[in-house]
Amino acid sequence: MNCGKSFLSIPHLTGICFLLLSLLTANQAFTQATGQAALEPTQCEAPLKLIRVPEGFEESQAFNGYIHLQTATSIVMTEVKNVNYLRLCSGMTPEYFNSNGLSFVSEGEFVSQHKVSGKFYKSKFILNELPHIRYMVFSGDLNHTLWLNITYPEMFEPVIEKELQGIFQSIKTTVEDEK
């Protein structure tokens, strides 16, 4: 696993920085109130085996995650250590969406078949005059968050949307040994 490595595009980094800044502010307040330093959030590449992807997706060579070439769908996977997903979700404000050029569409909650709770945010944006959809999915346990950024051209929504539930349902918190 490669912690601290920059592997995301500028819009992804902007969003992560915004959320981590809010967490660091909360960490500083905790330290002042208790006199103890809390652990700082750390961004890492998430293990790819934490999710199961539909047929046709392949491991990306350009970023940590998967890509489906026929639909130009990407799944960027990030792990944020020392923070739970609910803390990250608290940063998903209208200001966050606006500052990242995203139009908020909807949000929802889920529990995977591995009993991992999570939350997703659906948004829209325009890239090269083509409407796109982005799902930001946060899930995990008390101390770790799996963050998925699933992005695809809106024209493929009818075939991608029905596959998303399967991805959400497959989320695990740890990679089990395969024997």
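Of note:
- Some residue of segment 112-121 being farther than 22 Å from Thr93 by Cα, without any contact (Cβ under 8 Å) to a residue 60 or more places away in the chain and part of a helix (DSSP H, G or I): no
- Residue selected from segment 110-128 under the condition of a type in the set (Lys, Arg) and within 21 Å of Arg52 (Cβ to Cβ), by the criterion surrounded by the most Cβ atoms within 10 Å (Cβ to Cβ): Lys122
- Only residues that are among the acidic types (Asp, Glu) and either in contact with an Asp or Glu (Cβ under 8 Å, 6 or more places away or on another chain) or over 23 Å from Lys115 (Cβ atoms) (or both) were counted in segment 156-170, giving 2.
- Single condition Thr145 does not satisfy, out of (1) surrounded by fewer than 19 Cβ atoms within 10 Å (Cβ to Cβ); (2) more than 15 Å from Pro54 (Cβ to Cβ): (1)
- For segment 87-111, the tally of residues that are closer than 23 Å to His144 by Cβ and without any contact (Cβ under 8 Å) to a residue 24 or more places away in the chain stands at 5.
- Screening the candidates Thr151, Thr71, Thr78 for the property of being hydroxyl-bearing (Ser, Thr, Tyr), touching a residue at least 12 places away in the same chain (Cβ under 8 Å) and not in a strand (DSSP E or B) yields one hit, Thr71.
- Lone qualifier among Lys172, Lys162 - being of a type in the set (D, E, K, R), under 18 Å from Ile51 (Cα atoms) and either free of Cβ contacts under 8 Å to residues at least 12 places away in the same chain or part of a strand (DSSP E or B) (or both): Lys162
- Identity of the residue in segment 92-105, surrounded by 16 or more Cβ atoms within 10 Å (Cβ to Cβ) and not aromatic (Phe, Trp, Tyr), that ends up nearest to the chain's Cα centre (by Cα): Met92
- Taking the numbered list (1) over 19 Å from Lys49 (Cα atoms); (2) of a type in the set (D, E, K, R); (3) under 17 Å from the mean Cα position of the chain (by Cα) in turn, Glu79 passes all entries but (1).
- Only one of the numbered conditions (1) modelled with pLDDT under 95; (2) surrounded by 15 or more Cβ atoms within 10 Å (Cβ to Cβ); (3) out of contact with any Ser or Thr (no Cβ under 9 Å at 6 or more places or on another chain) is not met by Asn82, and that is (3).
The values are calculated or read from the model by the stated rules, or taken from the named source; none is laboratory data. Because the structure is predicted, anything quoted here is derived from the model rather than measured. No Cβ is skipped: glycine too gets one built from the backbone with ideal geometry, and neighbour counts run over all protein chains shown.
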